[in-house]
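Student: Structure provided below as structure tokens; questions to follow.
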């Protein structure tokens with residue numbers, strides 16, 4: 001599957017591979033873009049990866065349609081340190097978002113049940129996958 | 001509110017691995033389910049960041065014992081994508097045959113456990129007996145029974161001799177008869193049918209909404225198989241058929257796995273027969289660009305995803321693993337509520353949960369659990 | 001025979017029966033299996049183990065019940081024709097009473113612990129008791145009609161009433177809690193049910209009671225339906241009955257409680273009634 | 001009921017179980033079993049120590065000491081593969097089960 005025309009300008013396109021496309025979405029309205037993508041028919045989320053690159057936290061949503069992987073990166077500034085939830089659009093992100101918030105210390109706004117998933121309730125210190 | 005709360009796990013005869021279910025009963029009927037995971041943390045994602053690319057393949061192979069080669073294949077595949085290299089054809093076929101042998105061993109183990117959960121130890125014993133043939137074959141090719149360590153960046157580590165191949169083919173011929181025999185028994189046994197048909201139903205809509213993967217999705221009539229869509233390794237050349245059932249209950253999931261076993265036997269045979277002489281490993285220049293890559297395989301339990309980010313050094317900057325059970329465990333509420341306590345182990349096992357895979361994150365200091373209310377997931381329920 | 005002799009012989013035999021079950025079942029599953037005397041070793045080992053007194057439980061009651069259930073079952077052995085210590089001429093009402101008595105002990109054990117697993121095990125056992133005791137009563141009623149009294153007259157019933165024999169086999173299976181009727185002690189669902197909280201001496205005694213139940217029920221089946229003329233023939237036929245029991249255990253998966261109930265009432269009761277009608281006509 | 005013929009047939013079959021400790025086990029060629037190290041071949045280049053993912057090997061070049069930690073070893077045979085003089089070999093023999101971690105010292 002090729003990248004559909006309608007999705008050409010959903011964000012800043014930065015990388016293309018065989019059967020995959022990578023975009024950087026604007027932090028402010030990424031949820032609207034994702035809503036459009038779901039309405040377009042790419043409604044299976046496979047994974048959410050997070051990476052702390054020093055300045056900001058990269059959150060990557062990996063969407064799947066057949067053999068096509070759509071990777072949408074959102075850069076969360078460390079000063080804000082929060083991101084909107086997708087659980088209302090995609091219930092499958094329930095655990096993935098919990099894990100993201102737990103491991104990288106991002107607050108998920110509007111998550112139905114925030115809290116720890118793998119770590120203990122009385123975990124102290126910085127989130128395990130935060131650098132520096 | 002509820003009559004009785006039954007703690008199911010973390011240590012329970014029905015569970016080979018720790019997960020904690022809270023079952024709220026009224027009489028024998030399940031009213032509500034809570035679950036918590038995290039008893040099995042090994043800190044693998046963090047430790048992968050602290051090892052170089054070669055060493056971390058062995059670590060990835062140890063995420064889970066049953067799908068060891070699935071993890072290491074997926075990880076090497078991702079790193080190869082990062083380096084933009086191809087692997088030789090012989091290596092591709094060897095990887096495919098190991099991968100499918102592993103699926104066989106996983107599914108046979110699952111069938112045994114499934115019988116055991118129904119109180120049917122004979123099926124357990126028979127299925128574990130047949131599993132020996134697979135383990136022996138794996139031992140012949142890789143030198144170990146469960147953790148194979150066959151993959152390396154650019155190919156495989158070990159060659160297969162002609163003699164080994166003929167021995168493995170002979171084992172597979174025996175195994176094919178045995179699996180067909182088991183299929184014949186399980187498909188028609190009245191009590192197994194009574195215990196599984198109509199229990200734990202998942203329809204197409206649930207599967208799509210919760211993004212379920214693997215045999216669970218395929219049993220509900222969704223032909224979602226990475227082997228077909230991504231055509232990685234040698235599956236495209238071998239002509240792979242997807243097994244799909246439409247009922248979405250425990251029995252359909254059983255049938256999908258048994259039919260997949262027969263398909264796997266066919267694939268391994270074909271793969272081994274089409275191995276041509278050649279090199280098994282390409283020379284690799286370990287020069288990592290600052291880049292990221294994602295790749296997927298169809299592990300025995302479903303779609304397995306590795307995301308690797310490199311920052312140019314000889315160690316990965318970030319590895320994210322999304323395991324199949326992690327996706328599938330969301331449907332617990334759907335398949336358990338409304339059925340009786342006796343169906344809990346059977347339905348739970350029908351997902352083939354691999355909690356070693358699910359709980360693989362960071363170090364845990366204190367084993368206090370976190371409970372996810374699954375009600376929140378199924379808002380309309 | 002002397003009471004003490006019968007006491008020890010029946011305990012020994014019940015262990016051996018249990019051992020045979022394990023061994024033959026293992027061979028049917030293509031395994032080697034434990035040696036036949038393994039239950040004896042298990043028993044001795046359990047006796048040497050520590051006893052845990054569970055908090056908030058009626059522990060003295062449990063200890064008492066563990067002994068009483070064994071004694072109740074051995075009393076049935078005293079009634080066997082070859083033993084003849086208690087010669088009631090086979091009063092069926094006493095037999096029914098003693099058979100329910102041991103089950104009642106297990107049910108009470110379940111209620112004396114604060115844990116939910118024994119509780120569920122007990123409730124299941126009560127439902128199951130209703131399921132298998134009603135057909136059992138009907139069979140006893142049949143004996144009453146057949147012999148025109150509630151006393152047992154030795155007879156070879158297997159030839160004239162094979163359906164009754166089949167249903168009695170299934171009832172035996174349910175009574176002793178072997179698959180497909182091990183619903184009340186389904187370890188995959190409710191751990192060890194009544195015995196989850198038992199340890200040491202109590203566990204050993206309850207295990208012994210379970211083995212004794214198998215021995216008693218198998219012997220009763222043999223006496224009712226085959227009427228063996230001497231002791232060697234008695235053992236031969238009871239081994240045959242045991243073998244059928246093991247076969248059922250090996251080839252069947254466990255029923256759910258509702259399915260077990262339906263099987264015992266909807267499938268077995270008509271079989272029994274066919275034989276009763278045969279007698280009446 | 002479908003399992004009846006299988007169960008009856010199995011009674012007359014030999015058990016499938018392999019009585020392992022009583023009967024010697026035949027391991028295939030290339031089995032990654034016990035660790036063996038040849039003092040005469042080793043040149044103490046420390047490659048094995050560097051490639052080991054589990055840090056199970058400890059080489060002391062000056063004292064010519066060689067240590068292998070059986071508790072840490074994951075039997076991946078990376079050391080065997082990378083050894084320039086083929087001094088390390090995983091032999092076709094099962095490792096012994098032990099109650100404690102043992103470091104095997106070669107001196």
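Student: Does chain B classify as rounded, prolate or oblate by the C-alpha gyration tensor (a ≥ b ≥ c root eigenvalues; a/c under 1.5 gives rounded; else a/b over b/c gives prolate, otherwise oblate)?
Tutor: oblate
Student: Here's a follow-up. Once fully extended, how much extra length lies between residue A:53 and residue A:80, figured as 0.36 nm per residue of separation less the alpha-carbon to alpha-carbon distance?
Tutor: Roughly 8.2 nm would be gained on extension.
Student: Could you state the angle between the C-alpha long axis of helix A:30-40 and the longest principal axis of the C-alpha atoms of chain A, as a value from 0 to 90 degrees rounded to the nearest 10?
Tutor: Once rounded, one gets 40 degrees.
Student: Next up: Residue by residue through B:205-214, how many Cβ atoms from other chains fall within 10 Å of the Cβ on average?
Tutor: 3
Student: So how tilted is helix C:59-79 from the main axis of chain C? Cα-based, degrees 0 to 90, rounded to 10.
Tutor: Approximately 30 degrees, to the nearest 10.
Student: Contour minus end-to-end for residue C:41 and residue C:166, with contour as 0.36 nm per residue of separation and end-to-end as the Cα-Cα distance?
Tutor: Here the segment from residue C:41 to residue C:166 would lengthen by 41.6 nm.
Student: Could I ask something else about it? Just checking the output field for C:257-264: average partner chain Cβ neighbours within 10 Å of each residue's Cβ?
Tutor: On the way: counts 4, 3, 4, 1, 0, 1, 2, 0.
The mean count of partner-chain Cβ atoms within 10 Å per residue comes to 2.
Student: Determine the shape class of segment D:27-106: with a ≥ b ≥ c the square roots of the Cα gyration tensor eigenvalues, call it rounded for a/c under 1.5, and otherwise prolate if a/b is greater than b/c, oblate otherwise.
Tutor: Values: a/c = 1.68, a/b = 1.23, b/c = 1.36.
Oblate shape, in that a/c is at least 1.5 and b/c is the bigger or equal ratio.
Student: Using only atoms on other chains, find how many Cβ atoms lie within 10 Å of each Cβ of peptide A:115-124 and report the average.
Tutor: Taking the mean over all residues of the peptide, I get 6.
Student: Between residue D:60 and residue B:49, with labels modelled 7 Å along Cα→Cβ, what's the label distance in nm to one decimal, could you check?
Tutor: 3.6 nm
Student: For Cα pairs less than 8 Å apart in space and 6+ apart in sequence, what is the mean separation divided by the residue count of segment B:44-320, i.e. the relative contact order in percent?
Tutor: Details: 480 pairs, mean separation 80.2, N = 277.
Relative contact order for segment B:44-320 comes out at 29 percent.
Student: Can I ask one more? Restricting to Cα pairs below 8 Å that are 6+ residues apart, what does the relative contact order work out to for chain A? Please round to a whole percent.
Tutor: Across chain A, relative contact order equals 20 percent.
Student: Among C:189, D:67, C:18, which comes first, then next, by fewest other beta-carbon atoms within 10 Å?
Tutor: Values: C:189 29, D:67 16, C:18 23.
Arranged by neighbour count, lowest to highest, C:189, D:67, C:18 become D:67, C:18, C:189.
Student: Another question, if that's okay. Hey, what did segment D:27-106 get for relative contact order, percent, Cα under 8 Å, at least 6 apart?
Tutor: 44 percent
Student: When a footprinting reagent is the concern and you count Cβ atoms within 10 Å, what order do B:339, B:105 take, fewest first?
Tutor: By the 10 Å Cβ count, ascending: B:339, B:105.
Student: Does segment B:119-169 come out rounded, prolate or oblate by the C-alpha gyration tensor, with a ≥ b ≥ c the root eigenvalues, rounded set by a/c under 1.5 and, if not, prolate when a/b is larger than b/c and oblate if not?
Tutor: Oblate, since a/c reaches 1.5 and b/c is not below a/b.
Student: Working from Cα positions, state the angle (0 to 90°, nearest 10) between the long axis of helix B:121-142 and the longest principal axis of chain B.
Tutor: Helix B:121-142 sits at roughly 10 degrees to that axis.
Student: At a Förster radius of 41 Å, what calculated FRET efficiency corresponds to the Cβ-Cβ distance of residue B:170 and residue B:242, to the nearest 0.05?
Tutor: Approximately 0.90, to the nearest 0.05.
Student: Can you work out the FRET efficiency for the pair residue C:240 and residue C:51, with r the C-beta to C-beta distance and R0 = 35 Å, to the nearest 0.05?
Tutor: After rounding to 0.05, the efficiency reads 0.35.
Student: Calculated from DSSP H runs of 4 or more alone, at -39500 (n - 2.57) each and per residue, what is the 222 nm mean residue ellipticity of chain B, nearest 500? Intermediate results must be reported in sequence, preceding the final value.
Tutor: On the way: 16 runs with 181 residues, N = 381.
Per the formula, -14500 deg cm²/dmol.
Student: How far apart, in nanometres, would the label points at residue C:145 and residue C:82 be if each is projected 7 angstrom from Cα along the Cα-to-Cβ direction?
Tutor: 3.2 nm
Student: Given a Förster distance of 41 angstrom, what is the FRET efficiency for residue D:4 paired with residue C:281, based on the Cβ-Cβ distance and rounded to 0.05? If you can, show how the numbers build up before the last one.
Tutor: Numbers: r = 34 Å, r/R0 = 0.83.
Plugging the Cβ-Cβ distance into 1/(1 + (r/R0)^6) gives 0.75.
Student: Further question on the same structure: Once you put a point 7 Å from the Cα of residue C:9 and another 7 Å from the Cα of residue D:85, both along the Cβ direction, what distance in nm separates them?
Tutor: 7.7 nm
Student: Under the rule of -39500 (n - 2.57) per DSSP H run of 4 or more residues, summed and divided by the residues of chain D, what mean residue ellipticity at 222 nm is obtained, to the nearest 500 deg cm²/dmol?
Tutor: So the helix-based figure for chain D works out to -4000 deg cm²/dmol.
Student: Give me C:119, B:330, A:3 ranked fewest to most by other Cβ atoms within 10 Å of their Cβ, as a rough exposure proxy.
Tutor: Going from sparsest to densest Cβ surroundings: A:3, C:119, B:330.
Student: Hey, another quick one. For a label point 7 Å from the Cα of residue A:88 along Cα→C-beta, name the residues of segment A:35-53 whose backbone N is under 17 Å from it.
Tutor: Output list for this probe position: A:35-39.
Taken together, the values in this text are just the output of simple stated rules run on the coordinates, not laboratory data. Owing to the predicted nature of the structure, the values given are computational and were not obtained by experimental measurement. In this analysis, Cβ positions are derived from the backbone assuming ideal geometry, glycine residues included, and neighbour counts consider all displayed protein chains.
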